[in-house]
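A short worksheet on the structure shown next.
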Amino acid sequence: VCLGNICRSPAAEAVFKQKIKDRNLENVFAVDSEGTGGWHVGNLPDRRMRETALARGIELTSRSRQIEENDLYQFDHILVMDKDNLTAVKSLLKDESNSVNSKIKLILSYSKNSQFDEVPDPYYGGQKGFDKVLDLLNEAIDGLIESLID
Ligand code: 4NP
C-alpha cells in the first residue's frame, strides 16, 4: 500500500510477483496493491515508475485502486511504504482493538540491511527517487519472501 498506487506499491507488487515466479511459487501467494488516496483510481502506474522498472525487466500493469476497510480482511499481510500510509490504513479500522492491526507493517521492516524505514515518495522528485524505490523494495521483498517461506 502507498498513497497513489501508481508508483511504490505497484512496483512492490510487480517485484514480489517476479520473485515468486523465479522461485516457482506463483501459485502459493496472492498479491495485490492499493493506495490510500483515490486520485489516480483506474490509471496505470506513473510512466516514470513503469520505465524505471522495465529497465530492470519488470513490467508494471496493475491499475490504481483505493483501499477500503474490507480489503484488510482479505490478506494475511498488509505492507505499507511509509508512516503516513501506516496511519491512514490503520485509521480505516473502525474498531481500534481489531486484531487486523498487527498485520499492518512497514514493508522495509523486512529489509535486512536498509538504513531506511520508509520507501520515500518519488512522485515529485527526479529519476533517482524511482531507482531508490526499486533498490529498497528489492531488498525488503527478498526478506519478506524468506520470512513467508520459512
Ligand atoms: P505513490 O506516489 O504513493 O508511490 O503512488 C504518489 C503518486 C501520486 C501522488 C502522490 C504520491 N499524488 O499526489 O498524486
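A few notes on this one:
- The range 124-137 - residue that is touching a residue at least 24 places away in the same chain (Cβ under 8 Å) and surrounded by fewer than 17 Cβ atoms within 10 Å (Cβ to Cβ) and, of those, nearest to Phe16 (Cα to Cα): Asp131
- Residue count for the range 10-59, restricted to those that are within 18 Å of Gly126 (Cα to Cα) and either near the ligand (Cβ under 10 Å from one of its atoms) or assigned to a helix (DSSP H, G or I) (or both): 11
- In the condition set (1) within 16 Å of the ligand (Cβ to nearest atom); (2) over 17 Å from Tyr123 (Cβ atoms), Leu93 is compliant with all but (1).
- When residues in the range 87-113 are screened for being free of Cβ contacts under 8 Å to residues at least 40 places away in the same chain and within 18 Å of Ala11 (Cα to Cα), 6 of them pass.
- Boolean, Val119 is in a helix (DSSP H, G or I), touching a residue at least 60 places away in the same chain (Cβ under 8 Å) and buried (at least 20 other Cβ atoms within 10 Å of the Cβ): no
- Condition check for Asn5: in contact with a strand residue (DSSP E or B) (Cβ under 6 Å, 6 or more places away or on another chain), over 18 Å from Glu139 (Cβ atoms), modelled with pLDDT of 95 or more and among the polar types (S, T, N, Q): yes
- Counting the residues of the range 104-150 that are polar (S, T, N, Q) and modelled with pLDDT under 95 gives 3.
- Among the residues of the range 60-69, the ones that are of a type in the set (A, V, I, L, M, F, W, C) and away from the ligand (no atom under 12 Å from the Cβ) come to 0 in all.
- Selection over the range 64-102 of residues that are surrounded by 13 or more Cβ atoms within 10 Å (Cβ to Cβ) and part of a helix (DSSP H, G or I) gives a count of 11.
- There is no residue in the range 47-55 that is in contact with a helix residue (DSSP H, G or I) (Cβ under 8 Å, 6 or more places away or on another chain) and more than 17 Å from Asn5 (Cα to Cα).
The values are calculated or read from the model by the stated rules, or taken from the named source; none is laboratory data. No experiment lies behind these values; they were computed from the predicted model shown. Counting neighbours? That spans all protein chains shown, and the Cβs are built from the backbone with ideal geometry, glycine included.
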